[in-house]
1. Taking only DSSP H segments of four or more residues, each worth -39500 (n - 2.57), what value at 222 nm results for the chain once the sum is divided by all its residues, to the nearest 500 deg cm²/dmol?
2. Mind ordering 125-136, 39-50 by average Cβ neighbours within 10 Å, highest first?
3. On a full-extension model of 0.36 nm per residue, what is the gain between residue 9 and residue 110, subtracting their alpha-carbon distance, rounded to one decimal in nm?
4. With the Cα gyration tensor of the stretch 71-154 in hand, convert its eigenvalues to equivalent ellipsoid semi-axes via √(5λ) and list them largest first in whole Å.
5. I need the semi-axes of the equivalent ellipsoid of the chain: take the C-alpha gyration tensor, multiply each eigenvalue by 5, square-root it, list largest first in whole angstrom.
6. Can you give the angle from 0 to 90° between the axis of helix 118-127 and the longest principal axis of the chain, with both taken from C-alpha atoms, to the nearest 10?
7. Whole angstrom only: what separates the Cα centroid of the stretch 14-28 from the Cα centroid of the stretch 49-65?
8. Please give the helix 129-166 orientation as an angle from the longest Cα principal axis of the chain, in degrees from 0 to 90, rounded to the nearest 10.
């Protein structure tokens, strides 16, 4: 498939050869989005992992945890990703039952995205255990990195909050 070579630079497949990456081809499909299109919405049920192979997306989160619709529902953009490193997102949906999306992803430009369905991903990993193990290690690395970053953010926020309360 034409987009498989584009996945060589995706960290999801670090340590794999192109022919090893190709075993995931039956588990994927290519989807295009126009600039401004919503790719995923925070709070919706997730069943797919996505890999950006062309374009730019923004990732945003709601500023409040209120779920009743009564508060500020303004989104804050946290990061803009482009296709240089072929970033992947939505990985928690592959690992958890009834996983809810933790952020909103919007196409900032026209985008091409490889979508991998959870059940097809799991079957491919099962059919190719050595390759599947490597991909799962790469997902674990990303999740650990994200957890470490967010732990530092919580510490900073807690410190700032305690300083405000001391005054």
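1. One gets -11000 deg cm²/dmol as the mean residue ellipticity at 222 nm.
2. 39-50, 125-136
3. 34.4 nm
4. Largest first, the stretch 71-154 gives 25, 17, 14 Å.
5. Taking √(5λ) for each eigenvalue gives 31, 19, 15 Å, largest first.
6. 50
7. 23
8. That works out to roughly 10 degrees.
Here, each number is a calculation from the coordinates, and none is a lab measurement. Because the structure is predicted, anything quoted here is derived from the model rather than measured. Here Cβ is always computed from backbone atoms with ideal geometry, including for glycine, and neighbour counts include all displayed protein chains.
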